[in-house]
Structure formats: structure tokens, C-alpha cells
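Worksheet: one structure, shown below.
The values are calculated or read from the model by the stated rules, or taken from the named source; none is laboratory data. This one's a predicted model, so the numbers in the text were calculated from it and none came from an experiment. Note that each Cβ is placed from the backbone with ideal geometry, even for glycine, and that neighbours are counted across all protein chains shown.
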Amino acid sequence: MTLPIEHLADTARDPAVRGFLHRPVNANGNGMVLTHGAGSNAQAPLLVALADALCGEGFTVLRFNLPYRQERLQGPPRPGDAARDRQGLRNTVDVMRTLVAGRIFLGGHSYGGRQSSMLAAEDPGLVGGLLLLSYPLHPPRKPEQLRTQHLTQLQTPALFVSGTRDPFGSIEELREALKLIPARTELLTVEGAGHDLDFRKKKAGGELVALDQRILQAFQRFFG
């Protein structure tokens, strides 16, 4: 069953919180904030599918446009945007606290996931867990430029999802990086998928068709 999706705009905060709210029929009291990668927005098909899947299991889900995307409809974030984007994520978690009484989770694809993990490292008690899709471990073809500095401070349990053909980090590189994290972690691999997790591809009888369900099942197992 497809549920109505509400537009949410909380402009009393700076940065403002703008996105799309999925309210479940039978709420479990928990909430998830999902955000996007550098070249995308909260309407990314994978985020929409994940939000629907989580909502079907009772989660209140907010798909959130990061502050840089609220200001510019196209283009990647600029180097100076990251701190403001993390504050936007913090504000979104605060909004979610007004909607649910249970655990709150923070998830994001690529850049959105990296900023989520950095925010959680800065504030260990902010959320109950992280869902990190295609974590950008390093720029393509630049494995020496690792984005792992904050991982040693990450005390929030994190489920990583990554494709075996992701140029932003191989599965082997990601497994090594996860060893730096003092919190509980798990890695779900998607065979043959690239950085976008190939969610748009349709393979008859293939695992990518139900990727949102695979992620949901892994999420439920990992976080209970």
C-alpha cells in the first residue's frame, strides 16, 4: 500500500529543514532521516524506495534535502558547505524527535552518509544508529586520499551498504576502514553494483530489483 507523502518545511531553524515525510499506518515509535549524495536530492529513487520499505515496517521516515541542495537545485556541494550541511542534519534529527518517542536513525547515500557519520562522530549520543549507503571512502582513482579521519571517533553502530564495483572504494578497502571504528559495524555488499548501487537497473529475478528489501532486512537484523 502506498501512503501519502507529506511535504515538510521547518523554516524556524537555521538551516531550514525541508523534505518529504512518510508516516506509517502502524507506527513502531522509531524514526529514520535519509539524505542524498552530492549530485542528487531527496527524490533519489533508492531513498524513496527505502523510505517506503521502512515506513511499511512502522518507521516514521523523513527524506531530507541538505542545505546546499536547498540553496542550489543543481551541482555538487562546495568545500565550505559541509559544516552547514551537518548542522542541517542535526536540525532534522531535532525535528524527528518531535515526531517519534523511540530510537532515531540517520542514513545517507555517499556524501550524505559521510556527513551523517561525521556528525555522529562529533556527537556520539545524537542517534541510535547509522545506515551508510555507498560510503565514499576516497575519490575515484585516488585511494591515497582516504576519508577515514573521523572513523576512530565513531561510537555509533553503523550498517554499511556498498557495491562491489564502486570506484569510491573497494570492498576490501572498506573492510579495512571499518576496523578503525570502535562501534559495532556490518557491511552488506551488492554484487556487481557501482556507486549508485545500480538501483535503476531491472534484472528479472535478480537481487537488484529488491535491493530496498535487502537493505531493510539487513537493517532489521543489525539493529534488532
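For the stretch 90-102, the criterion of a residue being surrounded by fewer than 21 Cβ atoms within 10 Å (Cβ to Cβ), part of a helix (DSSP H, G or I), at pLDDT 95 or above and in contact with a helix residue (DSSP H, G or I) (Cβ under 8 Å, 6 or more places away or on another chain) is satisfied by at least one position. Only one entry of Gly169, Gly192 meets the criterion of being small (Gly, Ala, Ser), modelled with pLDDT of 95 or more and assigned to a loop (DSSP other than H, G, I, E, B), and that entry is Gly169.
Given the structure, is Pro157 touching a helix residue (DSSP H, G or I) at 6+ places or on another chain (Cβ under 8 Å) and under 21 Å from Gly31 (Cβ atoms)? Taking the combined requirement at face value, the residue satisfies it. Of all the residues in the stretch 103-123, those that are crowded, with 16+ Cβ neighbours inside 10 Å and either among the aromatic types (Phe, Trp, Tyr) or part of a helix (DSSP H, G or I) (or both) number 12.
When the residues of the stretch 7-41 are narrowed to those that are part of a loop (DSSP other than H, G, I, E, B) and in contact with a Ser or Thr (Cβ under 7 Å, 6 or more places away or on another chain), which ends up surrounded by the most Cβ atoms within 10 Å (Cβ to Cβ)? If you could, list the steps in order and put the result at the bottom.
Residues of the stretch 7-41 that are part of a loop (DSSP other than H, G, I, E, B), as a first pass: 11-16, 23-30, 36-41.
Pick out the ones that are also in contact with a Ser or Thr (Cβ under 7 Å, 6 or more places away or on another chain) and you get 23-24, 27, 37-38.
Details: Arg23: 15, Pro24: 17, Ala27: 16, Gly37: 24, Ala38: 18.
Across the stretch 7-41, the extreme among qualifying residues is Gly37.
Within the stretch 155-180, being of a type outside the set (Phe, Trp, Tyr), closer than 20 Å to Leu126 by Cβ and surrounded by 22 or more Cβ atoms within 10 Å (Cβ to Cβ) holds for Thr156, Ala158, Leu159.
Do we find that Ala49 is surrounded by fewer than 18 Cβ atoms within 10 Å (Cβ to Cβ), in contact (Cβ under 8 Å) with a residue 24 or more places away in the chain and within 16 Å of Leu197 (Cβ to Cβ) in this structure?
Working: surrounded by fewer than 18 Cβ atoms within 10 Å (Cβ to Cβ): yes; in contact (Cβ under 8 Å) with a residue 24 or more places away in the chain: yes; within 16 Å of Leu197 (Cβ to Cβ): yes.
It is true that Ala49 is surrounded by fewer than 18 Cβ atoms within 10 Å (Cβ to Cβ), in contact (Cβ under 8 Å) with a residue 24 or more places away in the chain and within 16 Å of Leu197 (Cβ to Cβ).
Residues that are within 20 Å of the chain's Cα centre (by Cα) and free of Cβ contacts under 8 Å to residues at least 24 places away in the same chain within the stretch 6-41 comprise Glu6, His7, Ala9, listed in sequence order.
Please verify whether Leu132 is in contact with a strand residue (DSSP E or B) (Cβ under 8 Å, 6 or more places away or on another chain), touching a residue at least 60 places away in the same chain (Cβ under 8 Å) and assigned to a strand (DSSP E or B), treating the condition exactly as stated. Reasoning before the result, please.
Details: in contact with a strand residue (DSSP E or B) (Cβ under 8 Å, 6 or more places away or on another chain): yes; touching a residue at least 60 places away in the same chain (Cβ under 8 Å): no; assigned to a strand (DSSP E or B): yes.
Taking the combined requirement at face value, the residue does not satisfy it.
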